[in-house]
1. Which condition breaks for residue 32 when tested against (1) at pLDDT 55 or above; (2) over 22 Å from residue 140 (Cα atoms)?
2. I'm trying to understand the selection: among the residues of region 151-170, which are assigned to a helix (DSSP H, G or I) and closer than 25 Å to residue 286 by Cα?
3. Scan region 87-99 and report the pairs whose first residue is among the polar types (S, T, N, Q) and whose second residue is open to solvent by 70 Å² or more (accessible area, probe 1.4 Å) and assigned to a helix (DSSP H, G or I), with Cβ atoms within less than 9 Å and a gap of 6+ or a chain change.
4. Of the residues in region 391-435, how many are under 37 Å from the mean Cα position of the chain (by Cα), under 17 Å from residue 372 (Cβ atoms) and not in a strand (DSSP E or B)?
5. If you take the residues in region 271-285 that are open to solvent by 10 Å² or more (accessible area, probe 1.4 Å) and part of a loop (DSSP other than H, G, I, E, B), which one is farthest from residue 350 (Cα to Cα)?
6. Name the pairs: first residue in region 55-71 and free of Cβ contacts under 8 Å to residues at least 24 places away in the same chain, second residue open to solvent by 60 Å² or more (accessible area, probe 1.4 Å) and not hydrophobic (A, V, I, L, M, F, W, C), Cβ to Cβ under 7 Å, at least 6 apart or on different chains?
7. Taking residue 178 as the residue in question, decide whether it is more than 25 Å from residue 296 (Cα to Cα), open to solvent by less than 30 Å² (accessible area, probe 1.4 Å), in contact (Cβ under 8 Å) with a residue 24 or more places away in the chain and not small (Gly, Ala, Ser).
8. Quick test for you: out of 187, 210, pick the one residue that is under 25 Å from residue 520 (Cα atoms), open to solvent by 10 Å² or more (accessible area, probe 1.4 Å) and not assigned by the TED database to the domain that holds residue 285.
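The values are calculated or read from the model by the stated rules, or taken from the named source; none is laboratory data. As the structure is a prediction and not an experimental result, all values here were calculated from the model. Cβ coordinates were reconstructed from backbone atoms using ideal geometry, including for glycine residues, and neighbour counts include every protein chain displayed. All accessible areas refer to the heavy atoms of the entire protein, side chains included, with ligands and DNA or RNA removed. Shrake-Rupley method; radii C 1.70, N 1.55, O 1.52, S 1.80 Å.
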Amino acid sequence: MTVRRTGRHPRTCPLLLAMFLLSLSVQWVTAASEYDPYKILGVSRSASQPEIKRAYKNLAREWHPDKNKDPNAEDMFIKISKSYEILSNEERRSNFDRYGQMDENQPFGQSQHHGFRSFHNSFYFDESFFQFPRSRDFADSKYLLHHAQFNNDVLPDSYKRPYLIKVTSDWCFACIHIEPVWKETVQQLEPLGVGIGIVDLGYERRLANQLGAHRAPSIIGLVNGRVTFFHQAVVQEHLRQFIEDLLPHKLVEKITDNNYMTFLDSWRVENKPTVLLFDQVPMVPLLYKLTAFAFRDYVRFGFVDQGDTHNTRLLRQFNINTYAPTMLLFKEDTEKPVDIIQARGMKRQIMDEFVSNNKFLQVPRLVNQQLFDELCPVKQFHRRRKYCVLLITGEDQTFLPGNKAFLDFASANKKDVLRFAYVYQHQQQPLCQALLPNQASLTPQVVILERRSQAGKVLYRSVSGGWNGSEEDKYRLHEQLELLQKDPAYLSSDAVLPELNNEMAPIFIIRWINAAYDYILQIYDDLLYSNWREMMPILSLIFSALFILFGTVIIQAFSEPGENKPQKPKPKEQPQTDDDDASSRTNSSSRPPKKDFVEVTELTDITYTSNLVKLRPGHINVVLVLTSASKNALLRKFAKEVFSFSGTQTLHFSFLNADKHRHWMPSLLRSASDTAESEGQSDEDEESLDYTGHVLALNGHKRYFCLFRPVFTGDSSNDSSSETSFSDRKRKSRSRSRSSSHSRSRSHSREDGACPKRGSSRATSIELHHKLDRLGLWMERLMEGTLPRFQVPAWPFLHETTNTSFWES
């Protein structure tokens, strides 16, 4: 029996696939060509920004869904808004003109994705199975956030109101489940003043990375520029509580009969009006907290529970109606409010208008530059002139009557063009000195000024006679204000005002504590909810610090026991050996020696010019003066003492044989006028002196030298060098403790001097050996630049001639 298979031939499948792909590409091209912002707005590609803006306004007014009942009005309005968003931004417009690119965050060459998205939105599955809508709702599209919009608008606005942001993406099943709760929450919180935003994870990847959102759905709260993630169940009550917890604490103070007078009198210190809200609920409503957050820099807010028995005197004093919420606003007069509103359904718009119209006291104190800019704005147009009447006064009790009289005058002269304020001269000294340059005494003065530029330029005039608050002072001020309104040129003086000191700024330690507290909370939140992407840099830093710490402990634990033992200080009476002297200064130089010997060259006719006269700028040649008899002993000692400094590239070491050039040292000392006067010796005495063991630090370029005189050992206390002192001895002992014991030295000189005879060799060798004992200390002072310098007009010749001759460097 033969079984026959039925069905289509397999070769027809590629044909169907090709047809499907062809139709798909047609949809792509059609969708992409339809979405041309120039065609949608009806403007040419060379249209200017005013033409684009005019076309957008006309089309938006025509196709707004609330005014146009066409079923396609909603989609058309979205296209118009998107087109204007692209063409109004020069960068996006340039990208579209070059690459057909719609989004500034989209990589080049991927402009077709918008067409695919339009195709995806029109490719509709059965809602009963996938639960996907045909297109994004118009209500959601107006909340979509872009990277530039977020940083320019939303982030600064988060310091005035909190934002609730939802992170979503296409083909997100969990996003569909929370959509009903999200819509109800938006309808409830947006009228209260909460900002709403939506971030598409697929199309705003850069903004999502900035927020730290790497998955959808996510709900984020934004307050004061700080991002906080919502981690509870998506329920309306939880979202509302989440927003309430984001707000700073103590925005609204609970007021009772016991503290209401203290609260109302706080305007003197806080420099702000006070607002009292009376309501029947025991907890502060969220609407009131949001209003307090928006105006926290201008007004203090208090809440009174009408149902509390401790508030009966407060309710009776201000005659509060217990059947509707009531708001009272107080300024300087704490007995009578300046404004009252009462309504059963308190709206955010009403509260904002009520508070914004009374943001300042009648006579506020200028405590920062921001308040000064708002009270006394810069003149822009002639009809918008604002004159600031400023009282410069003091903080003592003796100034209170004059300040009270100024407040009464301001209350009686309320005009839109006048702003009254006062400053404390002690708190704002730069401002007062600019306005009153010739007055140093602390007497109250009134200054009328008009700001002309943001740079601080003002025109002003001070009221003659000062201000004591008398009727005569009030009459004089009123007369000058009348003259000012008739003739704006009445302000005859000009000045540039400095920026005001911020008297209300918290001290550094408070700011540091607040920043540390926020940082700790952020770390705790990230650890609690395992936000490892954000925690990786912090964890890396912590583990690196722990690794270094434990590594140090382990190294110390396995090191030899004798390495870390402190060395016992040696008694001062015990003299140190020569090897200790040399090794003690091994580490004193800034750079360790590169060789295990010291190169010491002899100054001869050949090397004299290069080693001294033509020495490079900044270089110093250290020259030891010796004789043929003392050559070997002094060179060994000299090499040991200067070994630790041989690593310095600017130091050179030489020696001069006094037997061959006995006239050079006297000639050098005679050429230095200061040295000749201090020596007080004749020429014959100078030539007969023994200069063996003297060391010179010669700067050939600047023509000066420093002199080291040898130390003669013996029982006399006068053997010490004139260049040393008690502090030098202490420094020497410290330098010896830092020395190295393995230094070796070698002289490059090949001349053999005559050895001293044995008859007096013991005493002579000891004397020569100790002449350079303090050379290491002298070298340290040379490196520090604390040695006295002797200037010479020119360097003498190495050989004596008939006429005194000198080298000119």
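1. Condition (1) is where residue 32 drops out.
2. 153, 154, 155, 156, 157
3. Going by the 9 Å Cβ cut-off, the qualifying pairs are 88/53.
4. Qualifying residue count, region 391-435: 10.
5. If we take residues in region 271-285 being open to solvent by 10 Å² or more (accessible area, probe 1.4 Å) and part of a loop (DSSP other than H, G, I, E, B), then 271 is farthest from residue 350 (Cα to Cα).
6. Between residues of region 55-71 that are free of Cβ contacts under 8 Å to residues at least 24 places away in the same chain and residues that are open to solvent by 60 Å² or more (accessible area, probe 1.4 Å) and not hydrophobic (A, V, I, L, M, F, W, C), the close pairs are 55/42; 68/62.
7. Taking the combined requirement at face value, the residue satisfies it.
8. 210
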